[in-house]
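Q: Here you go, one structure.
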Amino acid sequence: MAASAPLPYPAFDVDNHYYEAEDAFTRHIDQAMARRAVQWVELRGRKRILVAGKLDRFLPNPSFDPVTTPGALEAYFRGENRDGKTMAELFAGKIEPIRPEYRDREARLACMEKQGLEAIVLFPTLGCGIEQPLRHDVEATHAALDAFNRWLDEDWGFNHRDKIYAVPMLTLMDVDTAVKQLEWVLARGARMVHLRPAPVPKGDRSVSPGDPTHDSFWARVNEAGIPVAFHAGDSGYGRYVAAWEGPRPMEGFRGGNTFAMATLPGRAVLDTMAALICHGVFDRFPNVRVASIENGGFWVPWLFKNLRKAHGQMPSLFGEDPIESFRRHVYVAPYFEDDARELADLIGVEHVLFGSDSPHAEGLPAPLDYLDDLRDFSGDEIRRIMRDNQRELLTPRPL
């Protein structure tokens, strides 16, 4: 079967996005926490947000109207900006009014049918950057995410007709609260939950998500048999760039954004997966499954190399071969520009997921354009990547 041929079945996209309604973080917020969490302001005639009382710079236009066209930066993310265009030039002519399907689930269902999709997993856009600026305020973080999840359930539903699976956002900053919020979303049909790929803030320090103090959370995930997603966002790794370049690159400094582009991709999720393995989450909770979404797959060979060496040096510190543990517990959605064949050969095609990042600018213009990058796969393998693996992952596997 040629990868570019139309599929004889609808696909299942594990990485779709909505553009949040403006009241996503404010509609259900505890008013006692509102000023410490997310607020809207108008600055020089533009709508912006304050997070923890400070102007948030994660997104330049958090109202999302207008918004970029889907796939506007496809060539750029393939490394094909041969003319050296600036970001403003790359976006020129690729801005449009927000579409109904970005905020309305019935419109999204109609759009999915036209796109050849039977189901999608939905992740935030603005929400991917909220936790980092709140990292010093445990109560405000939990309050903001709780308000967000209530909005998400109301507007999209955690499982709408077995076609749209909107993923609630959780944090382990206070593990007892995390378990309570996990119970709330499970009771409302959540098929997947999200944790930030980052160390967990604990006051003036941080700990691994695999620290045993979080075992009550992982035990409930283990019992419920639902997967935990780690989607790309603000993991706080900008501090590594700042260590080299300062808070802002010097005027005229050649590094600019290129240093971050050359050093940060894949780091947060690699560290997160290494932590889950090295800190024993899968040993203590063998029914836990996790998925790396919108982090690419290029980091996996490097992690495997390091895990093999670490296991060879100190095998007694691992519950089992860490490579086999990864292959059993971890699913990965590679970028369209990644070498998906290399990834499938490393982790098994059964754990490779199709994700288009639609409708973001860095995604694909049409989700099934992904097929053009699967030419090295058989028809049976393509069916697994484009549909079956996602169905299996999103099917609860309770104890």
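Quick note: the coordinates plus some simple rules give every number you see, no bench work behind them. Treat the numbers as computed from the prediction; the structure is a model and nothing was measured. Please note: Cβ atoms are built from the backbone with ideal geometry, for glycine as well, and neighbour counts cover all protein chains shown.
Q: Pairs of alpha-carbon atoms within less than 8 angstrom and 6+ residues apart define the contacts here; what relative contact order does the chain have, in percent?
A: 23 percent
Q: So who's got an amide H within less than 5 Å of the one on LYS202, skipping anything under 5 residues away but keeping other chains? H placed 1.01 Å off N, in plane.
A: VAL207
Q: I've got another one for you. I want the local charge near GLY297. Using Cβ-Cβ distances under 10 Å, sum +1 for each Lys or Arg and -1 for each Asp or Glu among the other residues.
A: Neighbourhood net charge equals -3.
Q: I've got another one for you. Modelling each spin label as a point 7 Å along the Cα-to-Cβ direction, I'd like the ARG220/MET87 distance in nm, to one decimal.
A: 3.7 nm
Q: Do the sum for the chain: with -39,500 (n - 2.57) for every DSSP H run of n ≥ 4, divided by all residues, what is the mean residue ellipticity at 222 nm, to the nearest 500 deg cm²/dmol?
A: Mean residue ellipticity at 222 nm (helix-derived): -9500 deg cm²/dmol.
Q: If you average the alpha carbon positions of the stretch 63-118 and of the stretch 256-305, how far apart do those two centres end up, in angstrom?
A: 27 Å
Q: Could you tell me how far the Cα centroid of the stretch 204-240 sits from the Cα centroid of the stretch 120-158, in Å?
A: Each part's Cα centre sits 15 Å from the other's.
Q: Also, I was wondering about something else. Taking θ as phi - 60°, what are the ³J(HN,Hα) couplings along the stretch 36-53 by the Karplus curve (6.51, -1.76, 1.60), each to the nearest whole Hz, with x for Gly and Pro?
A: For the stretch 36-53, the Karplus-derived couplings read 8, 9, 10, 9, 9, 9, 10, 10, 6, x, 10, 7, 9, 10, 9, 10, 6, x Hz, x marking Gly and Pro.
Q: Quick query: amide H of VAL14 versus all other amide H atoms, modeled in the peptide plane; which residues come in under 5 Å with a sequence gap of 5 or more or a different chain?
A: The list, which skips near neighbours in sequence, is VAL121, PHE354, GLY355, SER356.
Q: Still on this structure, I have one more. I need the phi-derived Karplus couplings for the stretch 192-207: 6.51 cos²θ - 1.76 cosθ + 1.60, θ = phi - 60°, integer Hz, Gly and Pro marked x.
A: Residue by residue, the stretch 192-207 yields 7, 10, 10, 10, 5, x, 5, x, 8, x, 9, x, 8, 9, 8, 9 Hz.
Q: Right, something else. Relative contact order of the stretch 317-393: what whole-number percent is it, with Cα pairs under 8 angstrom and at least 6 residues apart?
A: Relative CO of the stretch 317-393 lands at 28 percent.
Q: Between LYS47 and ARG391, how high is the FRET efficiency from 1/(1 + (r/R0)^6) when r is the Cβ-Cβ distance and R₀ = 35 Å? Nearest 0.05.
A: Once rounded, the FRET efficiency stands at 0.35.
Q: Using modelled amide H (1.01 Å from N, peptide plane; none on Pro or chain starts), what sits under 5 Å from the amide H of ALA229, excluding residues fewer than 5 places away?
A: VAL193, HIS194, LEU195, ALA291
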